[in-house]
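Computed from the coordinates by the stated procedures, all read-outs in this text should not be read as laboratory data. Note that the structure is predicted; figures quoted are calculated from it, not measured. Every residue, glycine as well, gets a Cβ built from its backbone with ideal geometry; the counts of neighbours run over all protein chains shown.
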Amino acid sequence: MLNIPNRRLVLAHFWLAFLAFFLALILGEWQMYIRSPLHSWLGNPELYYRSVTAHGSAMGYVFPTLVAMGFGYAIVELALKQALVGLRWAWAGFGLVVVGTVVAMVPVALGKASVLYTFYPPLIGNPFYYIGVVLVVVGSWIWVALMAVNLRVWRRANPGATVPLAMFANNAGAYLWAWTSIGAAVEILFLILPVALGFKTTIDAGLARVFFSWTLHAIVYFWLMPAYIAFYTLVPRAIGGRLYSDAMARISFILFLVFSMPIGIHHLFQDPQVGSGVKFLHAVFTAMVSVPTLLTIFTICASVEIAGRLRGGAGSFAWIARLPWKNPMMLALALSFIMLGFGGAGGLINMSYQLDFAIHNTQWITGHFHLIFGGAIVIMYFALAYDLWPHLTGRALNAWKLMRVQLWLWFVGMMVLTMPWHWVGILGMPRRMAYYDYTATDLAPMSLSVIITFSGGLLLLASGALFLWILAAGHRGATVPLPSFRFSAPVHAGARMPAALNGFGLWLALMIGLSVINYGFPIAQLINTPNTAVPAVPIR
């Protein structure tokens, strides 16, 4: 018997997510080709910006949202061991995401919404692009509500019990998303759509950028939640070990919930409408958000050591050789941590008010967020899909060698792609340009690096195609009896959690309070500053 009764719901989310991901991957590789020395001047540069908008919107909004939603529905049934409450609402949310994606992508394909994937006025796209994005967000809010409802139902049936870690972490991600998405929602509904619909001809671009920054960086931590849930609740079990500390895992997710929000203005360090005092606060909190990641690295490394020692490893380092390196989950973890390390080091530059001046709006930024999201996070999306697939299909997924090849292709491709981007960013190459004249003196030394990034993209494309093939083949594998799905057990199983680590009331209050403090002043200041509107520039 399958462990996930509503497996069709989960599969629908995963398959749409991964198909959107692969289509966006193709667009990304095309962009690298046409802006490399391998291709001459693009006759219609607007095609490039059209492609970037579709690529970024699919990768940044549709793909991770669907993965989080599908994984969340699976967690409800696997961790809480109860039927999903609100199944019809879950399908309705999925339908809104599908409809919203189509509604948004049609004007993008027609060249009427080439605003990239950031909502930065005064450039304004077709209203249906924004309406589509709103529908996707509303669909995800239904998921947030269902996660809260299902946890409440479980608590009523299990008074005083410790919430399973997977569900605790899943709901932390849901609540974070509900709060961070408000910024972009306010910007679209009250600032952008009135202009896009023709009711206004001017817009307060500075205020809009502040509202978007509310969402802009915190969304990254929503992206990483499924990956971190996999770190804590799937990896130790998959490699034959135990989770070092359930309590420390909960602290990490709580810290993400609290510190992920008040940091977005570090993306506006070069913007004059925000004062230096506010920028300093956001720089400080940007540094603080590294703490839960450092706790995670320690906890998971300790959990991995436990697995190695349980397999007979001894000494200070001999246990490393005992780890199941042929297991795709072990490999994915190791590769993810390497990319997380490089990406995190780059993030220290971005968060610095002084150093940000050197790399702001250069290819460095592109390399950084591709390494964090496309690298460290997405490779764990692959791993959690591999882990869940037999329980979704009832069929064996034993192609471990192909899985390892796919993961290695993704890792090598991402490193080859992003490292040259960091280098040319230091040299000053701007991002978001459709064409570079590589005969120019300043750009000539960068041409080889750009060609290398294109080759890295080819490896990523091959990895993405192999990933879809492995999943599709999993639907045709032999039917197998499945044991009960289980998440990783902590070393001290059954330990009672203090109330602060078993609920969200205090932490949600802190999240909201810090957000109000860090965003309230600049928003109030900009609202009360006269004559800040500028003429909007609609895309026709």
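Below, the figures for the structure above:
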| read-out | value |
| --- | --- |
| Residues of type lysines that K401 reaches as a straight line, Cα spacing below 18 Å, ignoring anything fewer than 8 places off in the same chain | K326 |
| Proxy reagent accessibility, fewest Cβ within 10 Å first, across I426, I306 | I426, I306 |
| Furthest towards positive pole of dipole, S36, A462, M261, structure part region 7-538, Cβ charges | A462 |
| Separation of the L110 and I297 label points, Cα + 7 Å toward Cβ, nm | 4.8 nm |
| Over the chain: helical MRE at 222 nm, DSSP H runs n ≥ 4 each giving -39500 (n - 2.57), nearest 500 | -21500 deg cm²/dmol |
| Which of A184, A148, S57, positive extreme of dipole for the chain (C-beta unit charges) | A148 |
| Whole-Hz ³J(HN,Hα) from phi, Karplus 6.51 cos²θ - 1.76 cosθ + 1.60, for region 403-414, glycine and proline x | 4, 5, 4, 4, 5, 5, 4, 5, 5, 4, x, 5 |
| DSSP-loop trypsin sites (Lys or Arg not before Pro) across region 151-213, with at most 16 other Cβ within 10 angstrom | K200 |
| Kirkwood Rh in Å, taken over all unlike Cα pairs in the chain | 24.0 Å |
| Segment F280-W408, extension gain: residue separation times 0.36 nm, minus the distance between their alpha carbons | 42.1 nm |
| FRET efficiency estimate (nearest 0.05) - Cβ-Cβ, R496 to N361, R0 41 angstrom | 0.25 |
| Contour excess over end-to-end distance, with Cα ends at V534 and L506 and 0.36 nm allotted per residue | 6.0 nm |
| At R0 = 60 Å, FRET efficiency that the Cβ-Cβ distance of Y353 and S484 yields, to 0.05 | 0.70 |
| Helix 378-393 vs. the chain, principal-axis angle (Cα, 0 to 90°, nearest 10) | 50 degrees |
| Two-site FRET efficiency, I426 against A83, from Cβ-Cβ distance with R₀ of 41 Å, rounded to 0.05 | 0.15 |
| Percent RCO, i.e. relative contact order, over the chain, from Cα pairs under 8 Å lying at least 6 residues apart | 22 percent |
| For T362, residues with placed amide H under 5 Å, excluding near neighbours | R431 |
| Lysines whose Cα lies under 27 Å from that of K200, excluding same-chain neighbours fewer than 8 positions away | K112 |
| Residues whose placed amide H lies under 5 Å from that of A536, excluding near-sequence neighbours | T202, I203 |
| Cα-based helix-to-principal-axis angle, 63-79 vs the chain, degrees rounded to 10 | 20 degrees |
| Relative contact order (%) - criterion: Cα under 8 Å, at least six apart; region: region 7-98 | 42 percent |
| Lys, Arg +1 and Asp, Glu -1 on Cβ, resulting dipole of region 7-538 about Cα centre, debye, nearest 20 | 1680 debye |
| Highest-first arrangement of 369-378, 266-275, where packing means the average Cβ count within 10 Å | 369-378, 266-275 |
| Net lengthening on full extension, K326/W91 (0.36 nm per residue, minus Cα-Cα) | 80.9 nm |
| Karplus-derived HN-Hα couplings along region 331-337 (A = 6.51, B = -1.76, C = 1.60, θ = phi - 60°), whole Hz, x at Gly and Pro | 5, 4, 4, 4, 5, 4, 5 |
| Relative contact order computed over region 289-338 (Cα-Cα under 8 Å; 6+ residues apart), in percent | 24 percent |
| Ranked Y436, Y129, criterion: other C-beta atoms within 10 Å, fewest first | Y436, Y129 |
| Among G139, A90, A17 the positive-end extreme of the charge dipole of region 1-143 (Cβ point charges) | A90 |
| Helix 127-157 vs. the chain, principal-axis angle (Cα, 0 to 90°, nearest 10) | 30 degrees |
| Cα→Cβ-extended label distance, 7 Å offset, between W400 and Y435, nm | 5.2 nm |
